[in-house]
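The values are calculated or read from the model by the stated rules, or taken from the named source; none is laboratory data. In this text the structure is predicted, and so the values were computed from the model without any measurement. Because the Cβ atoms are built from the backbone with ideal geometry, glycine has one as well, and the counts that use them run over all protein chains shown.
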Amino acid sequence: MTANLLDFDLEGLAAFCETLGEKRFRATQLFRWIHQRGARDFGQMSDLAKSLREKLATTARVEGLQVISQQESTDGTIKWLFDVGNGDAVEAVFIPEDDRGTLCVSSQAGCAVGCRFCSTGHQGFSRNLSTGEIVAQLWFAEHFLRQHLKRNERVISNVVMMGMGEPLQNYSALVPALRVMLDDHGYGLSRRRVTVSTSGVVPMMDRLGQDCPVALAVSLHAPNDALRDNLVPLNKKYPLAELLDTCIRYLEHAPRDFITFEYCMLDGVNDLPEHAQQLVDLVTRHGGRGVSCKINLIPFNPFPQSGLTRSPNKQVVAFAKILSDAGIVTTVRKTRGDDIDAACGQLAGDVKDRTRVGQRIAQQRTVVLKQMPAVAATAKETSR
Ligand code: SF4
């Protein structure tokens, strides 16, 4: 079995090159070919010695994920469904804005945390993605978009680990993937522009602060333990006080001087004025000095199994006002790509209902290929 070079950060690739009797700078050259130029064919890596190219041809490969479908929203958001084998599929979403291009990346097929308001959480957990499968989403999207948008320079400026899965429950694959994103010989993204979103896996938040401190978003969604136990079951293991203590510790290492708290607005569940006031008290008083934070209010994207509904606009505005009046920087997330089910919490991938997954993937593939033959064909080619 050959090694998939998308599985390696630069250190890992240097170690692999050593096993081939090659010097470290060869790994850097190879890494740049793969990540900066999107190359997968060793034959085209013209500044590598022919002998190395020959060794690589028999020991290594650069293997991305097969694209099952690509959907483009009227607002420019693009969602890809990637096949990760055994009937599982994961999604990545590109969100273009005037001053940035953000890719939302998945870390697991399904998710074991089971948040009540999350479509992924309702599917159950299938498996962790490998480093290569996480990196492949960025590798594919960046180089596809350069072609698609006819751009020579970088298109993706920000990565958010907010797709399917709880990234900190796949820590050993996540950290090398983050290093590839941050590496100047890879994607060269700043630590402030790479965000890991967690539902609050406390021990791994501490480790991330030590190993690879990037921007952190915490899925809070409730201002007290009783409610959070119900919405984010992981809260029973790591309750709010412990979570906020960990956020304060993380800030000692974080590239930004605040934590982003995500708060999904659920009608009549967590969106009342008293919830807003409890939230103010929690984040301004915890530990005596509070937690330096921004709060991002997210309109809920309803799906039938949740039994939950989106808070009315008026309620969201009133909630935001209580937070802002208390001096907390508060934003209301614009929903993007909801016409293609690419908005937050809508990423369903394809790990649910495993008995029919093959059938559904085949149907999606047919529909997409019929709808957008040119783009889908390009996507398939680029993914190879
Ligand atoms: S919100 Fe995140 S952690 Fe919770 S179930 Fe969904 S993917 Fe998992």
>> Of all residues being over 16 Å from residue 331 (Cβ atoms) and among the hydroxyl-bearing types (Ser, Thr, Tyr) in the stretch 275-307, which is nearest to the chain's Cα centre (by Cα)? Just the residue, please.
In response: 306
> Is it the case that the stretch 239-252 has a residue that's modelled with pLDDT under 95, surrounded by fewer than 17 Cβ atoms within 10 Å (Cβ to Cβ), assigned by TED's automatic domain parsing to the domain that holds residue 222 and not hydroxyl-bearing (Ser, Thr, Tyr)?
Replying inline: no
>> For the stretch 216-228, which positions are out of contact with any Pro (no Cβ under 6 Å at 6 or more places or on another chain) and either over 18 Å from residue 296 (Cα atoms) or within 13 Å of the ligand (Cβ to nearest atom) (or both)?
In response: 217, 218, 219, 220, 221, 222, 226, 227, 228
>> Suppose we filter 114, 101 for residues that are among the small types (Gly, Ala, Ser), assigned by TED's automatic domain parsing to the domain that holds residue 199 and in a loop (DSSP other than H, G, I, E, B); which single one remains?
In response: 114
> So, in the stretch 223-266, of the ones that are aromatic (Phe, Trp, Tyr) and not in a loop (DSSP other than H, G, I, E, B), which residue ends up nearest to residue 333 (Cα to Cα)?
Replying inline: 263
>> For the structure I just gave you, tell me whether residue 293 is modelled with pLDDT of 95 or more, in the same structural domain as residue 159 (by TED's automatic domain parsing), closer than 20 Å to residue 108 by Cβ and more than 16 Å from the ligand (Cβ to nearest atom).
In response: no
> Of the numbered conditions (1) in contact (Cβ under 8 Å) with a residue 40 or more places away in the chain; (2) within 16 Å of the ligand (Cβ to nearest atom), residue 213 satisfies every one except a single condition; which is it?
Replying inline: (2)
>> Return the residues of the stretch 106-123 that are more than 10 Å from the ligand (Cβ to nearest atom) and touching a Cys at 6+ places or on another chain (Cβ under 8 Å); say none if nothing qualifies.
In response: none
> Taking into account only those residues within the stretch 310-349 that are modelled with pLDDT of 95 or more and hydroxyl-bearing (Ser, Thr, Tyr), which is nearest to residue 110 (Cα to Cα)?
Replying inline: 311
>> Checking the condition surrounded by fewer than 22 Cβ atoms within 10 Å (Cβ to Cβ) and closer than 24 Å to residue 220 by Cα, which residue from 114, 101, 110 passes?
In response: 114
